[in-house]
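**Student:** Would you mind keeping the following structure in view while I ask a few things?
The values are calculated or read from the model by the stated rules, or taken from the named source; none is laboratory data. Bear in mind that the values here come from a model prediction, so they are computed numbers and not experimental data. Note that we place each Cβ from the backbone using ideal geometry, even for glycine, and neighbour counts take in every protein chain shown. Just so you know, the surface numbers come from the protein's heavy atoms only, side chains and all, with ligands and any DNA or RNA stripped out. Shrake-Rupley method; radii C 1.70, N 1.55, O 1.52, S 1.80 Å.
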Amino acid sequence: MSMIKNDTAPFNIKQAMSLLTTLILGTVALSGCSGGASANQPQQVSATATATPAPTKTVPVNGEHYSSVQSLKDAFVLAGGICSGYSQTDNVTLAAQSGTCGKGAVLTIYSSVSDRDGVVANMKQFSDMVGMHLLVGENWIINDASVATVQPKLGGTLFTRQAKK
């Protein structure tokens with residue numbers, strides 16, 4: 001057993017560490033209680049105090065769940081996507097709702113993951129011929145050349161492939 005000599009009594013390492021831990025925890029606990037104003041005293045704020053930054057929203061890996069294609073379109077535009085001439089068409093097979101941004105993006109939401117994944121699988125079959133630019137989220141797909149630029153804000157998984165010529 002290792003001993004540390006003190007002027008008054010010997011301590012072993014375990015006792016010394018236990019005492020040190022107790023002192024540190026006590027100091028931390030007391031420092032949280034000191035310096036506060038009582039209920040009847042106004043608090044003083046230093047002129048050099050800085051505002052606490054607002055918490056930043058983290059993007060879920062699978063993106064948000066959208067209840068309508070309109071809300072997906074709004075999020076797409078907010079993330080920097082271009083959507084002029086928007087029209088809700090609801091004509092994409094397996095999609096609960098779909099819409100187009102003029103001749104640009106096709107936006108779709110799905111009732112089930114299997115429907116969404118079925119559409120991705122079908123798109124992959126033809127990607128060598130026509131190319132593919134998909135951003136796939138929890139219950140949605142955005143098909144547009146700009147998906148890589150909006151993905152950091154929307155989340156989701158990118159599926160891209162250039163057409164073979």
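**Student:** Applying the selection to region 110-121, what residues are over 20 Å from residue 149 (Cα atoms) and either of a type in the set (Phe, Trp, Tyr) or surrounded by 12 or more Cβ atoms within 10 Å (Cβ to Cβ) (or both)? Before you say what the answer is, go through the steps one by one.
**Tutor:** Within region 110-121, the first condition is being over 20 Å from residue 149 (Cα atoms), and the residues that meet it are 110-119, 121.
Across region 110-121, the qualifying residues are 110, 111, 115, 116, 117, 118, 119.
**Student:** Among the residues of region 104-137, write down those that are in a loop (DSSP other than H, G, I, E, B) and either aromatic (Phe, Trp, Tyr) or modelled with pLDDT of 90 or more (or both). Break it down stepwise before answering.
**Tutor:** First, the residues of region 104-137 that are in a loop (DSSP other than H, G, I, E, B): 104-105, 110-112, 126, 131, 137.
Correct list: 104, 105, 110, 111, 112, 126, 137.
**Student:** Mind listing just one residue for me: the one in region 60-72 that is under 17 Å from residue 157 (Cα atoms) and crowded, with 16+ Cβ neighbours inside 10 Å and, of those, modelled with the lowest pLDDT?
**Tutor:** Start the filter on region 60-72 by keeping residues that are under 17 Å from residue 157 (Cα atoms), which leaves 60-66, 72.
Checking which are crowded, with 16+ Cβ neighbours inside 10 Å leaves us with 63-64, 66, 72.
Working: 63: 80, 64: 86, 66: 95, 72: 96.
Restricting to residues being under 17 Å from residue 157 (Cα atoms) and crowded, with 16+ Cβ neighbours inside 10 Å, the top hit is 63.
**Student:** While we're on this one: Anything in region 73-92 that is over 18 Å from residue 155 (Cα atoms) and either assigned to a loop (DSSP other than H, G, I, E, B) or modelled with pLDDT under 95 (or both)? List them, or say none.
**Tutor:** Looking only at region 73-92, we keep the residues that are over 18 Å from residue 155 (Cα atoms), and these are 83-92.
Listed by number, the residues that qualify are 83, 84, 85, 89, 90, 91, 92.
Let's see how each residue does on (1) open to solvent by less than 80 Å² (accessible area, probe 1.4 Å); (2) in contact (Cβ under 8 Å) with a residue 24 or more places away in the chain:
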{"residue": "79", "(1), (2)": "yes, yes"}
{"residue": "82", "(1), (2)": "no, yes"}
{"residue": "87", "(1), (2)": "yes, no"}
{"residue": "101", "(1), (2)": "yes, yes"}
{"residue": "106", "(1), (2)": "yes, yes"}
{"residue": "127", "(1), (2)": "yes, yes"}
{"residue": "139", "(1), (2)": "yes, yes"}
{"residue": "159", "(1), (2)": "yes, yes"}
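**Student:** Checking the condition in a loop (DSSP other than H, G, I, E, B), of a type in the set (A, V, I, L, M, F, W, C) and at pLDDT below 90, which residue from 54, 145 passes?
**Tutor:** Numbers: 145 fails: at pLDDT below 90.
Answer to the check: 54.
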